[in-house]
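Shown next, in structure tokens, is the structure this report addresses.
The values are calculated or read from the model by the stated rules, or taken from the named source; none is laboratory data. Because the structure is a prediction, the values reported are computed rather than measured. Here the Cβ positions follow ideal geometry from the backbone for every residue, glycine too, while neighbour counts run over all protein chains shown.
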Amino acid sequence: MAKDESFDVVSKVDMQEVDNAVNQTKKEISQRYDFKNSKAEIKIEDGGIKILAEDDFKLRSIIDVLKTKMINRKVPVKNLDFGKVEDASGGMLRQMIKIQQGIEMEKARQIVKDIKSLKIKVQAQIAEDKIRVFGKNRDDLQSVIQFLKQKDYQIELQFINYR
């Protein structure tokens, strides 16, 4: 007889879509009147996004445009980790945005603990940056998925490899 049914819980961000959203943001701020003669800049750097702006208002505007473009491209904005605003050379402001790929170990342990607290006959194990959940009954797996969709772990969860 076949073994257990299973699925994987992952948190992935499509970097091509992030790149597209950043390029659309660049295009929009180059065309906006409030950014005319401005040195505002946004680019992908070291697996994250770097934003340079002349003042706090322009920095917030760039972030708003970026979030809008990402939502339109179905990139999970929950996976963006906004760093603190720093002073840069020439009186500019800089902010780094890290893009969270995969599930961190601490969050993975919390997710496994929450799954076990359901008292459903499923097993959950952490494998690198994903969690594999398996059990004998597909209905049990479906109820785990519904439970995880209702919880907020500050990252976007996807459910793949459902077998």
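State the number of residues belonging to segment 72-90 that are surrounded by 13 or more Cβ atoms within 10 Å (Cβ to Cβ) and farther than 20 Å from residue 104 by Cβ.
Of the residues in that region, 3 qualify.
Just to be sure I understand the filter: pairs with C-beta atoms under 7 Å, separated by 6 or more residues or on different chains, first member in segment 136-152 and closer than 14 Å to residue 110 by Cβ and in contact (Cβ under 8 Å) with a residue 60 or more places away in the chain, second member among the small types (Gly, Ala, Ser) and surrounded by 14 or more Cβ atoms within 10 Å (Cβ to Cβ). Which pairs pass?
none
Name the residue that is modelled with the highest pLDDT, counting only residues in segment 62-78 that are over 15 Å from residue 16 (Cα atoms) and in contact with an Asp or Glu (Cβ under 7 Å, 6 or more places away or on another chain).
Step one: list which residues in segment 62-78 are over 15 Å from residue 16 (Cα atoms), which gives 62-65, 67-68, 78.
When the remaining residues are screened for being in contact with an Asp or Glu (Cβ under 7 Å, 6 or more places away or on another chain), the result is 65, 78.
On the way: 65: 93, 78: 90.
So the residue we want is 65.
Within segment 91-101, identify whether any single residue is in contact (Cβ under 8 Å) with a residue 24 or more places away in the chain, small (Gly, Ala, Ser) and surrounded by 15 or more Cβ atoms within 10 Å (Cβ to Cβ), and answer yes or no.
So the first thing to find is which residues in segment 91-101 are in contact (Cβ under 8 Å) with a residue 24 or more places away in the chain, and the list is 91-101.
Subsequent filtering for residues that are small (Gly, Ala, Ser) retains 91.
Of the ones still in play, those that are also surrounded by 15 or more Cβ atoms within 10 Å (Cβ to Cβ) are none.
Among the residues of segment 91-101, not one is in contact (Cβ under 8 Å) with a residue 24 or more places away in the chain, small (Gly, Ala, Ser) and surrounded by 15 or more Cβ atoms within 10 Å (Cβ to Cβ), which makes the answer no.
Cβ-Cβ under 7 Å, sequence separation 6+ or interchain: first residue in segment 39-60 and within 12 Å of residue 18 (Cα to Cα), partner charged (D, E, K, R) and assigned to a strand (DSSP E or B). Which pairs?
That search, which allows pairs on different chains as well, returns 43/50; 48/98.
Against the condition part of a helix (DSSP H, G or I), buried (at least 17 other Cβ atoms within 10 Å of the Cβ) and of a type outside the set (Ser, Thr, Tyr), how does residue 69 come out, does it pass? Before you say what the answer is, go through the steps one by one.
Numbers: part of a helix (DSSP H, G or I): yes; buried (at least 17 other Cβ atoms within 10 Å of the Cβ): yes; of a type outside the set (Ser, Thr, Tyr): yes.
It is true that residue 69 is part of a helix (DSSP H, G or I), buried (at least 17 other Cβ atoms within 10 Å of the Cβ) and of a type outside the set (Ser, Thr, Tyr).
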